[in-house]
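Beneath this line is the structure, given in structure tokens, with notes to follow.
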Amino acid sequence: MIYFQIFLAFFIPGILGYGGGPASIPLIENEVVDRYDWMTVNEFSEVLAMGNALPGPIATKMAGYIGYSEGGILGAIVGVFAAVAPSLILMIGLLGLLMKFKDSPRVKRLTIVVRPVIAVLLGVMTYDFFFSSYEGVGLTQTILIGGISFVLMEKLKVHPAYVIAGALVYGALVLA
């Protein structure tokens, strides 16, 4: 029964506070503190503060922690799944709708319009990553990692996941 309660405690706020952002926090508090009485307001505020200190969506971090505290590892899995399930269901539904109308002239025009926007957003993200890397480890390390990554992916056709893992290992061993 506890797993079903954990699921409901995070699925309902996930539906109403779509996206797992700050709008869902009062909804989660209502479920966790008022409805199921798993925590006090003070304990919830401590979990919220801890969740805000970590990167990523707040709702999934809180779902994992509260699910674990109430139902162990399976409770954490159920909580995180319940927090992301509304977005997942909506994305699958929208993908199905998009695939149904993929040959439509309007969808093709939408794709043509969206591609440059995505390219610009990726360019801005790359620029930001480059300069945060430059400030963090220096120009030499940034160019070295970037250059080796480029050669591995473009010339040697190494999968990007392996390049990222290698850069992480390099950073842990050399830059730590």
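The values are calculated or read from the model by the stated rules, or taken from the named source; none is laboratory data. These numbers come from a predicted model, not from an experiment. Methodologically, a virtual Cβ is constructed for each residue, glycine included, from the backbone with ideal geometry; neighbour enumeration extends over all protein chains shown. Side chains are part of the model used for accessible areas, which takes the heavy atoms of the whole protein and leaves out ligands, DNA and RNA. Shrake-Rupley method; radii C 1.70, N 1.55, O 1.52, S 1.80 Å.
General observations
- From the list 103, 128, the one residue that fits, being among the charged types (D, E, K, R), modelled with pLDDT under 90 and within 26 Å of residue 160 (Cβ to Cβ), is 128.
- When residues of the stretch 1-30 are limited to those that are β-branched (Val, Ile, Thr) and in contact (Cβ under 8 Å) with a residue 24 or more places away in the chain, the one most open to solvent (accessible area, probe 1.4 Å): 15
- Test: residue in the stretch 56-78 that is at pLDDT below 90 and in a helix (DSSP H, G or I): yes
- Taking the listed residues 120, 124, 158, 114, the one that is over 30 Å from residue 97 (Cβ atoms) and not aromatic (Phe, Trp, Tyr) is 158, with no other qualifying.
- Hey, residue 173 closer than 29 Å to residue 14 by Cβ and out of contact with any Lys or Arg (no Cβ under 7 Å at 6 or more places or on another chain) or not: no
- The C-beta contact set for the stretch 117-133 (first residue surrounded by 10 or more Cβ atoms within 10 Å (Cβ to Cβ), second residue of a type in the set (S, T, N, Q), distance under 7 angstrom, 6+ apart or interchain) comprises 130/142; 133/142.
- Just one of the listed residues (53, 59, 49, 23) is within 19 Å of residue 75 (Cα to Cα) and out of contact with any strand residue (DSSP E or B) (no Cβ under 7 Å at 6 or more places or on another chain), namely 59.
- Cβ pairs under 9 Å, 6+ apart, first in the stretch 47-71 and over 17 Å from residue 33 (Cβ atoms) and of a type in the set (Val, Ile, Thr), second part of a helix (DSSP H, G or I) and modelled with pLDDT of 90 or more: 60/10; 60/79; 60/80; 60/83; 60/84
- Matching residues in the stretch 31-44 - criterion: being over 21 Å from residue 16 (Cβ atoms) and either surrounded by 13 or more Cβ atoms within 10 Å (Cβ to Cβ) or aromatic (Phe, Trp, Tyr) (or both): 43
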